Amino acid sequence: MLSDRVTDHTLVDLKSNDRAQAESVSQIQLHIYALGYRELTGHRADYVEVYDLDGRKRSARRVDDGLLRGIAADVRAAADALRKGVLRKRPSKKRCGECDFRMVCSSGAKVV
Ligand code: SF4
């Protein structure tokens, strides 16, 4: 039997300690997933969650509409820059320190 009950939509990202990353990066990543989910399904995600497979812990938060709007603008700007081939590097100690490419990036090597 079908129910009329509306349930919350939660996007869950499964992570192990090997893939641990800064909380701020996870939140941006999860909100990008929420944007993709909305584009793909037409439904709004209510919550985003990181599930730590090693520690078996959940970390959930309500989708932040303000953050979502800001990230959507950033994604559009990045897509536009990619199409034009004008991606500028913006090295910084904090950003490059968390970047997976810092070992092969000459700009990152200068600031980290
Ligand atoms: S290390 Fe290079 S690719 Fe990574 S954030 Fe810094 S400038 Fe960008």
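Quick note: the coordinates plus some simple rules give every number you see, no bench work behind them. Everything numeric here is computed off the predicted structure, so don't read it as measured data. Quick reminder, even Gly has a Cβ in these numbers, built from the backbone with ideal geometry, and neighbours come from all protein chains shown.
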ask   = Once the other residues with Cβ under 14 Å from the Cβ of Asp80 are scored (Lys, Arg +1; Asp, Glu -1), what is the net sum?
value = +3
message = I'd like the orientation of helix 65-84 relative to the chain: the angle between its Cα long axis and the longest Cα principal axis, in ° from 0 to 90, rounded to 10.
response = 50 degrees
task = Go through Ser107, Leu35, Thr7 and say which Cα lies farthest out towards the positive end of the charge dipole of the chain; charges sit on Cβ, +1 for Lys and Arg, -1 for Asp and Glu.
result = Ser107
message = Per DSSP helix of 4 or more residues, -39500 (n - 2.57); summed, then divided by the residues of the chain. What does that give at 222 nm, rounded to the nearest 500?
response = -14000 deg cm²/dmol
inquiry  = What do you get for the angle between helix 23-41 and the principal long axis of the chain? Use alpha-carbon atoms, 0 to 90 degrees, nearest ten.
reply    = 50 degrees
request  = Starting from the exponent 0.38 and prefactor 2.2 Å, build the expected Rg for the stretch 10-63 from its residue count and divide its actual Cα Rg by it.
outcome  = 1.12
remark   = For the Val104, Leu67 Cβ pair and Förster radius 41 Å, calculated FRET efficiency rounded to 0.05 is 0.85
remark   = For the chain, the Cα gyration tensor yields equivalent-ellipsoid semi-axes (√(5λ), largest first, whole Å) of 31, 20, 10
request  = State the extension gain, in nm to one decimal, for the chain segment bounded by His43 and Lys84, taking 0.36 nm per residue of separation less the distance between their alpha-carbons.
outcome  = 11.7 nm
